[in-house]
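Chemist: This structure is in structure tokens; I'll ask about it shortly.
The values are calculated or read from the model by the stated rules, or taken from the named source; none is laboratory data. Predicted, not measured: the structure shown is a model, and the values here were computed from it. Here the Cβ is made from the backbone with ideal geometry for all residues, glycine too, and neighbour counts use every protein chain on show. For the accessible areas, the whole protein counts, side chains as well, though only heavy atoms, and no ligand, DNA or RNA atoms are used. Shrake-Rupley method; radii C 1.70, N 1.55, O 1.52, S 1.80 Å.
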Amino acid sequence: MTGPAAAFEGRHGLSEQVTGAFELGALGGGGRPFAIERTNFKFFAAEYHAQAPLAVALALRDKVRAEEIEALEVQIYAMAHSEIGSEPAKWDPQTRETADHSLPYMLAVALVDGRITPASFEPKRYLDPALRPLMNRIRVTESGELTRRFPRELPSQIDVTTRSGRRYTERAEYPKGHADNPMTDADVEAKFSDLSEDVLGRAQAAGALETLWRLDEVTKMGAVVDLFTFKR
């Protein structure tokens, strides 16, 4: 691979301004693995540390209805607790930026709606007072055991107690989309549709997806860009 060196090695380049002298390691190939094979993808349209708890919550949704929940306790590692589950504002999001970093909100809306999409972060959804009672029954704590397992694993556990006194527990070590729990092609297609159909329309989104699966056959990238042109 070749390219202009000045941006990295020249005056005011990356090495002078940011990193200091460095050498690029092997990029993969010739029997060596590529780093892209260790890439973690988001399965849900949500903050990354929420991926495993959301999957756990949706698994619990198959066992208990949201209105039956008396208490929901989430155990998570320290980074996730700090980012999405430790501030009072997370239990009453007033902006999109807070909502998409609020584990209590994301869990509540997933349990009620059965999914997380861009629409989950529209004001009419995160300001909905009907979600607050359930959010207030959600408790998020940092677990020393789970923290020790991070970042090799991204573990979480949710314990639900129902109004009738029944208890349910679900755990996850790797969210779907993690390199150790990869998404299938069908998962990727479903996510693409969720993220694109409201903007492009179903037919245009389907055409774009078909083209993207054949990207190695495309001779003019402008034709690909045109597939993502839309009118408001």
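Chemist: Every residue in the stretch 99-145 that is more than 17 Å from S156 (Cβ to Cβ) and among the polar types (S, T, N, Q), please.
Modeler: T117, S120, N136 - these are the residues of the stretch 99-145 that are more than 17 Å from S156 (Cβ to Cβ) and among the polar types (S, T, N, Q).
Chemist: Answer yes or no: is there a residue in the stretch 18-31 that is outside any loop (DSSP other than H, G, I, E, B), out of contact with any His (no Cβ under 7 Å at 6 or more places or on another chain), closer than 30 Å to F192 by Cβ and open to solvent by less than 60 Å² (accessible area, probe 1.4 Å).
Modeler: Yes, because at least one residue in the stretch 18-31 is outside any loop (DSSP other than H, G, I, E, B), out of contact with any His (no Cβ under 7 Å at 6 or more places or on another chain), closer than 30 Å to F192 by Cβ and open to solvent by less than 60 Å² (accessible area, probe 1.4 Å).
Chemist: On the given criteria, is L72 among the hydrophobic types (A, V, I, L, M, F, W, C), open to solvent by less than 50 Å² (accessible area, probe 1.4 Å) and part of a helix (DSSP H, G or I)?
Modeler: no
Chemist: Looking only at the stretch 147-156, decide whether some residue is within 21 Å of D62 (Cα to Cα) and in a helix (DSSP H, G or I).
Modeler: no
Chemist: Please work out if E70 is charged (D, E, K, R) and over 22 Å from the mean Cα position of the chain (by Cα).
Modeler: When the stated conditions are applied, E70 passes them.
Chemist: A further question follows. Kindly indicate the residue of the stretch 143-172 that is in contact (Cβ under 8 Å) with a residue 60 or more places away in the chain and of a type in the set (D, E, K, R) and also surrounded by the most Cβ atoms within 10 Å (Cβ to Cβ) among those meeting that condition.
Modeler: E170
Chemist: OK, next. Of the residues that sit in the stretch 185-232 and are of a type in the set (S, T, Y) and open to solvent by 70 Å² or more (accessible area, probe 1.4 Å), which one is nearest to A46 (Cα to Cα)?
Modeler: Ranking the qualifying residues of the stretch 185-232, first place goes to T229.
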